[in-house]
């Protein structure tokens, strides 16, 4: 595996956007250093692009390497490695599959593709005896795939809490520090280029949900798809809810939560994405701006956190190149790495059965008996109250209630009944509380 | 590499203290799960201990596996994997070497051994075509070896800042939050079992220095020994210096700093361990108590941080078992992993040439002309002052000076000259400032 040999390894790039350009630039600039780390030179053999002739700032990359025929490129049969950074599910999925079947190891940064067709593509990689690596697909530059799959291979992961979307973290951070509304913070994020013109995938939590599916698969040695992940975005988080969180010593974060739970039949896993209150003392609370972090709770290692930039051309290229060097070393040695294990064929736990805590802001009439009738409803659903605070404001009052841990379905049912009570004017905010007691 | 085969892999343990016991317990308890992850069963073939017959709480481990003859154990010739968790340099070093030469891959948690004899042992591993893994030797359970060596293999690391000793972090944390003196905080740490009866290795920075040598080697693809690391402990950090740090928005941390610097002749690396002021806004500032963290600044990935428990039986066992599973997978596949690269034969930069900033507390006479004569000395050594604050206290005054970046030797020379000035009563504290401007 450490043998040095002189035949260059032939690398094709699918896609030459921000990440692809950065990968091509570094492959060219750092050719000597990478050759030493791999044990063989890496040679750019082709770059599939959407439009021919587009201006590209890639000195040292011959123009004749560019092609619009990605399909022919991956089927050439002489490629050792293919880097897929074009994004999307079609045609990326078929191209990755064809690349593997034609003998190349594949590095991808495509979370949407893996969350949709991961099981099938990992199987194709195992059959072809090739690597399919995807460090860049989960939390960008943060090394998390390798730590979960290899460093913790002798441990048991209980829970993964991730801030895995920089756009929403930036928006929530602005709401927290400047008191901005969601709309104000989103507009600011768009102006600065942190959010796209159509921010749906970020603010509705879809991007985080795809990463949650991948994280759960890695942590629990199983396969999840996007459809298995409960998903709630941040569009309904109000400035007032954020203020109320601050008052109770917490911050609001969009979390991707993957858990393994003991059930009567064994263990079940769940994956969910939603805004949550995190205590200010929790390491995730200090993850600011567009940064990402993944917090891992495991049996023997205890709590671990991995922090860094979750997006951007250079950070993503760093993760892609790390995978590329590892896959190239494997090609030099004629081996391939540990594939995705999915030996734990575990039950999927619906979000309703996940254990969590609720923080609720409730507008109520300010009169005798109100607290009693509200407390009664919590008791009826077996939900225990941890703290209750009442701020009188004349004829009405604001109640802030934080519950003890209970099943999400019971908590949600309690909220529904509260909304129907005469004494309740409005339940203005409901946020889950995670990451501490 | 993914082939499943039925012959068990034979594992020997050298040492059965806190970590060894935890490894043996998990190997036994989780045998089925580990066999699935490896692709072959792991079989405990022998445990070398210092004293025979000591009581051990290891259900399922046959008594005849224990031996006091470690040398005979590693030379049996039928071992696939050896776990060295006995600590110390002798006889651990010779045993690791013999294990490799007799065909076993080795997993070690022994930072002192690697900082002393790493180059020789890695060479022995390469020659024997076996793995020598050491994730547990740097920052305990925190996955840092694999991320530095593999995830960042396509990137360039500029700097590593680590809080890699839990004992000193706990002591400094107590001094910061409770205003305790070093002696008070040390006594408390000893009472709670966070510090040993002889705390020298921790409080003088030797433990952190061994880890700094390993981190620098990993980050910069070179070899460093303990002697290459400048080392200054925390015994001289006063309660007043910690208070002064807090006033300027910083906290005092014992940092292991590994840097690559451009020089006239190319690049040079340096490794140093010393107390330093870290701005409260820096992610390292919130690493509290006995936790560890390693902050990595790299060209493409940007800033990354890895956080977790740096010591303890279960966390260390988690890191050992992660390495063991990876090495076992390699044995199943008949391969070995990427060895330590030391291709970058770089110059070692003495601490005097490292760029840093100084924070100084100085007692001076409170009279006209004092500031001018002090400022003149800074100018003479080419050291630029960033901030200077004077608190009058009657006939004397306290000056707090923070410099801009300069070479450590110039800063140290300035301090020496200041100590000799008539107007200077005492330089009460000198601490470097790291991790931001």
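Some observations on this one:
- Exactly one residue out of B:230, B:291, B:307 is crowded, with 17+ Cβ neighbours inside 10 Å, more than 10 Å from chain A (Cβ to nearest Cβ) and touching a residue at least 24 places away in the same chain (Cβ under 8 Å): that is B:230.
- Test: residue in region A:379-393 that is assigned to a helix (DSSP H, G or I) and either within 31 Å of the chain's Cα centre (by Cα) or not assigned by TED's automatic domain parsing to the domain that holds residue A:231 (or both): yes
- Candidates A:328, A:285, A:314 - the one that is under 30 Å from residue A:34 (Cα atoms), touching a strand residue (DSSP E or B) at 6+ places or on another chain (Cβ under 9 Å) and surrounded by fewer than 24 Cβ atoms within 10 Å (Cβ to Cβ): A:314
- Within region B:72-85, the set of residues being surrounded by 14 or more Cβ atoms within 10 Å (Cβ to Cβ) and either more than 32 Å from the chain's Cα centre (by Cα) or free of Cβ contacts under 8 Å to residues at least 60 places away in the same chain (or both) comprises B:75, B:76.
- Of all the criteria given as (1) at pLDDT 95 or above; (2) within 14 Å of chain A (Cβ to nearest Cβ); (3) farther than 21 Å from residue B:213 by Cβ, the one not satisfied by residue B:334 is (1).
- Condition check for residue B:196: assigned to a helix (DSSP H, G or I) and either more than 23 Å from residue B:282 (Cβ to Cβ) or not assigned by TED's automatic domain parsing to the domain that holds residue B:306 (or both): no
- For region B:34-48, a residue qualifies if it is in contact with a strand residue (DSSP E or B) (Cβ under 8 Å, 6 or more places away or on another chain) and at the interface with chain A (Cβ under 10 Å from one of its Cβ atoms), and the qualifying residues are B:34, B:38, B:42.
- Every test in (1) closer than 25 Å to residue B:240 by Cα; (2) not assigned by TED's automatic domain parsing to the domain that holds residue B:412 is passed by residue B:364 save one, and that test is (2).
- Sole exception among (1) in the same structural domain as residue B:194 (by TED's automatic domain parsing); (2) surrounded by 24 or more Cβ atoms within 10 Å (Cβ to Cβ); (3) in a helix (DSSP H, G or I) for residue B:300, by number: (3)
- Note on region B:12-33: residues that are within 20 Å of residue B:110 (Cβ to Cβ), touching a strand residue (DSSP E or B) at 6+ places or on another chain (Cβ under 8 Å), away from chain A (no Cβ under 12 Å) and assigned to a helix (DSSP H, G or I) total 2.
- Residues being farther than 11 Å from residue B:12 by Cα and touching a strand residue (DSSP E or B) at 6+ places or on another chain (Cβ under 8 Å) - total across region B:57-82: 3
- For region A:196-208, the criterion of being out of contact with any strand residue (DSSP E or B) (no Cβ under 7 Å at 6 or more places or on another chain) and in contact (Cβ under 8 Å) with a residue 40 or more places away in the chain is met by at least one residue.
- Meets criteria (in the same structural domain as residue A:260 (by TED's automatic domain parsing), outside any loop (DSSP other than H, G, I, E, B) and touching a helix residue (DSSP H, G or I) at 6+ places or on another chain (Cβ under 7 Å)) for residue A:173: no
- Residue, farthest from the other protein chains (Cβ to nearest Cβ), within region B:113-170, restricted to residues that are assigned to a loop (DSSP other than H, G, I, E, B) and within 27 Å of residue B:186 (Cα to Cα): B:165
- Tallying residues that are touching a helix residue (DSSP H, G or I) at 6+ places or on another chain (Cβ under 9 Å) and without any contact (Cβ under 8 Å) to a residue 12 or more places away in the chain within region A:25-52 yields 1.
- The lone exception for residue B:367 - which of (1) in contact with a strand residue (DSSP E or B) (Cβ under 7 Å, 6 or more places away or on another chain); (2) touching a residue at least 40 places away in the same chain (Cβ under 8 Å); (3) assigned to a loop (DSSP other than H, G, I, E, B) it fails: (1)
- Residue that is more than 8 Å from every other protein chain (Cβ to nearest Cβ) and either modelled with pLDDT of 90 or more or over 29 Å from the mean Cα position of the chain (by Cα) (or both), where the choices are A:364, A:320: A:364
- Boolean, residue B:157 is under 16 Å from the mean Cα position of the chain (by Cα) and either surrounded by fewer than 23 Cβ atoms within 10 Å (Cβ to Cβ) or at pLDDT below 95 (or both): no
- Exactly one residue out of A:118, A:60, A:88 is in contact with a helix residue (DSSP H, G or I) (Cβ under 9 Å, 6 or more places away or on another chain), in the same structural domain as residue A:18 (by TED's automatic domain parsing) and buried (at least 16 other Cβ atoms within 10 Å of the Cβ), and it is A:118.
- Test: residue in region B:50-63 that is at pLDDT 95 or above and in a loop (DSSP other than H, G, I, E, B): no
The values are calculated or read from the model by the stated rules, or taken from the named source; none is laboratory data. Just so it is clear, the structure is predicted and the values come from calculations on it, not from any experiment. Don't worry about glycine lacking a Cβ; one is built from the backbone with ideal geometry, like all the others, and counts go over all protein chains shown.
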